[in-house]
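What follows is a short report on a single structure.
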Amino acid sequence: MKMVFKTKKTNMNMVGVERVFAIFKAINGRYPKLDVHDDRLNIQKLTYMLQSLSLPFHYRFNWYFKGPYSPTLASEAFGYVEKGIDKGIELTVEEKKAVSELQLAFSRDITEPNKLELYASLLFLKKQNKWNFSEDGEKLADKLVSLKPWFTREDATSAIATLKNSGIFGS
């Protein structure tokens, strides 16, 4: 009985991972290569950010060394590549809007693994702690640097300002 549930869930979510790959391609001009660490990282962080923009992928993310991580997304991404990528997927109006908003707000940063890690990690910490950028920016920066010492406080405060100024992730 459990096996049937897992199969149904995986098949249902394959639609989500197909959408993620299509959005990755729209942003990067190519499909992700799962044998490349930075592409796997970008898929995770980009999907977390897209869900923060209310795109309904429904992946559960946990805190991991490099920030928000979904084991289900990772598994489904490898399954999707094994199955064969559907290259005919068109983005929905909502997805095109999200891509445009991300590109406008983050420019080239939206393709950079370290920047995506920084932004997605800040969004995750903000949500988990129920903080906002305006009132809790210093706490957010301190928390990020304590968990990820390879980022400086300046990196964190600059990224918080970019997230706040984008206006797409709330205050």
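Where a number appears in this text, it was derived from the coordinates with a stated rule and is not lab data. All figures in this text were calculated on a predicted structure; none of them were measured in a lab. Here the Cβ is made from the backbone with ideal geometry for all residues, glycine too, and neighbour counts use every protein chain on show.
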Discussion item. If I take R0 = 35 Å and measure r between the Cβ atoms of residue 152 and residue 86 in this structure, what FRET efficiency does the formula 1/(1 + (r/R0)^6) give, to the nearest 0.05?
Written reply: 0.25
Fill in: Square roots of 5 times each gyration tensor eigenvalue, C-alpha, the chain, largest first, Å
28, 18, 15
Item to complete: Kindly put 20, 81, 93 in sequence by how many other C-beta atoms sit within 10 Å of each C-beta, fewest to most.
Response: 93, 81, 20
Item to complete: Set the Förster distance to 35 Å, then compute FRET efficiency between residue 31 and residue 135 from the Cβ-Cβ distance, nearest 0.05.
Response: 0.30
Discussion item. Using Cβ contacts closer than 10 Å as the measure, can you line up 59, 48 from fewest to most?
Written reply: 59, 48
Worksheet, complete the sentence: For the chain, the dipole about the Cα centre with charges only on Cβ (Lys and Arg +1, Asp and Glu -1), to the nearest 20 debye, works out at 520 debye
Worksheet item: So what is the 222 nm mean residue ellipticity for the chain from helices alone, if each DSSP H run of at least 4 adds -39500 (n - 2.57) and you divide by all residues, rounding to the nearest 500 deg cm²/dmol?
Response: -22500 deg cm²/dmol
Discussion item. If amide hydrogens are placed 1.01 Å from N in the peptide plane, which non-local residues have theirs closer than 5 Å to the one on residue 64?
Written reply: 69
